[in-house]
């Protein structure tokens, strides 16, 4: 590689890193506890599992559960009925101040057998809620989320330019070399290169899937204004039904339409994910891979008939598949622990990069590379 | 500038990248033994970092 080309790559690596490192450190540090969100919520008693029942219990009426939730918050609206394939004995009911409000006002857990309320998730409070907001939008809404997405793009540029620099840097060094007898700066430079190249693919995948996740509001917005609008077009000129029909009947109808799938969540009529006249049941597959992908099934809210269903477009599927790859929640607790360890190594890569920049020598890159070549040539001469 | 022999420099990073890719994908495709493939594969870069960072080899 020509020295002038290398110099450009070095400048790219330096400046993309300088800009994004502070935000990446924030994301890594807040992301660390978020990996164990589920476990921490259970340990704190925020989330509860349905108790084990000795006798073979029946199933509670879903409409009675919805009515119970509505009675608890009379001014609010039930927005979503949520299922969890890993927890078949529970239903979750999400409410908002209005049917279309993007903020949650209550998230109830019900026993799917007895219909009893098991838990009321404490929203927007505690340590984990702060971690989540700092990680998702730094309390700056969609603008904050998109900004973090842009920082993620800079990270990707930083990682790729780092790989380009790795080759010439390693010219005469063996893989994994950490020159401990040299200055502290050289030692940290070696460590930065080692840890960076070893964790490269994981860091790049988690970074880029994070970028895709920052686009979730625009991505679903596009789906709503195109595909969902087409699905509901037949009812556009009808007035909304005076009374909402049975949610239980809608769930059953969606299940009959897609017998090989299971319910992930169902949006209620009037919600932006459903349309004015319909329930929208989002079905998921039953294998590890297909469970990540959703298929919306539209059910007439008055007649409980399935009126339309179609697969999600590629851009929604890409978003849905990027979620597990960012969260690391698809391979049990051992995978989460590995995710955390890799995050810690990533913090070391970011921290050492920052250290190297702060301790940078005011010598041009040409001079440094010249030194490196002389010095490695010297090493070779000694070895021979 | 001369970049040395590419194979010597890139063999280990390529292998680690491939192993990481397998680790990231396996558990997504299924459960059971594929989870174990993911755990084993993603443990490789973690162990590799620890080994070279903390070993007292003189380079």
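Before moving on, here are some points about what is shown:
- Fully extending the segment from residue A:225 to residue A:243 would add 3.9 nm, taking 0.36 nm per residue of separation and subtracting the current Cα-Cα distance.
- Simple spin-label estimate for residue A:56 and residue A:252 gives 2.0 nm between the two label positions (7 Å along the Cα-to-Cβ direction from each Cα).
- Efficiency of FRET from Cβ geometry, residue A:71 and residue A:18, R₀ 45 Å, rounded to 0.05: 0.20
- For chain A, averaging the sequence separation of C-alpha pairs within contact (under 8 Å, six or more residues apart) and dividing by the residue count gives a relative contact order of 18 percent.
- Amide N proximity, segment A:125-158 versus residue A:42 label position 7 Å along Cα-to-Cβ, cut-off under 20 Å: A:127-129
- Zone of residue B:15's modelled label, taken as backbone nitrogen in segment B:41-56 under 16 Å from a point 7 Å along Cα→Cβ: B:41-52
- Pairwise Cα separations in the protein assembly as shown fall into 20 Å bins from 0 onward with the following percentages, short to long: 22, 47, 23, 8, 0.
- C-alpha long axis of helix A:247-257 to longest principal axis of chain A, angle in °: 70 degrees
- Candidates A:326, A:37, A:238: whichever shows maximal mean-square fluctuation once chain A is modelled as a Gaussian network with Cα springs under 10 Å: A:238
- Computed E for residue A:160/residue A:182 - FRET, C-beta separation, R0 35 angstrom, nearest 0.05: 0.80
- Segment A:1-36-segment A:262-331 distance, computed between alpha-carbon centres (Å): 36 Å
- Sequence of B:33, A:223 once ranked by neighbouring C-beta atoms within 10 Å, starting from the fewest: B:33, A:223
- Relative contact order computed over segment A:87-175 (Cα-Cα under 8 Å; 6+ residues apart), in percent: 14 percent
- Theoretical FRET efficiency, 1/(1+(r/R0)^6), r = Cβ-Cβ of residue A:305 and residue B:33, R0 45 Å, to 0.05: 0.60
- Mean ellipticity per residue at 222 nm, deg cm²/dmol - from DSSP H runs of n ≥ 4 across chain A, formula -39500 (n - 2.57): -17500 deg cm²/dmol
- Inter-chain Cβ neighbour count for B:38-51, averaged per residue, equals 6 (cutoff 10 Å, partner chain atoms only).
FYI, it's all coordinate maths here, none of it is from the lab. This is a predicted model, so every value here is computed, not measured. Here Cβ is always computed from backbone atoms with ideal geometry, including for glycine, and neighbour counts include all displayed protein chains.
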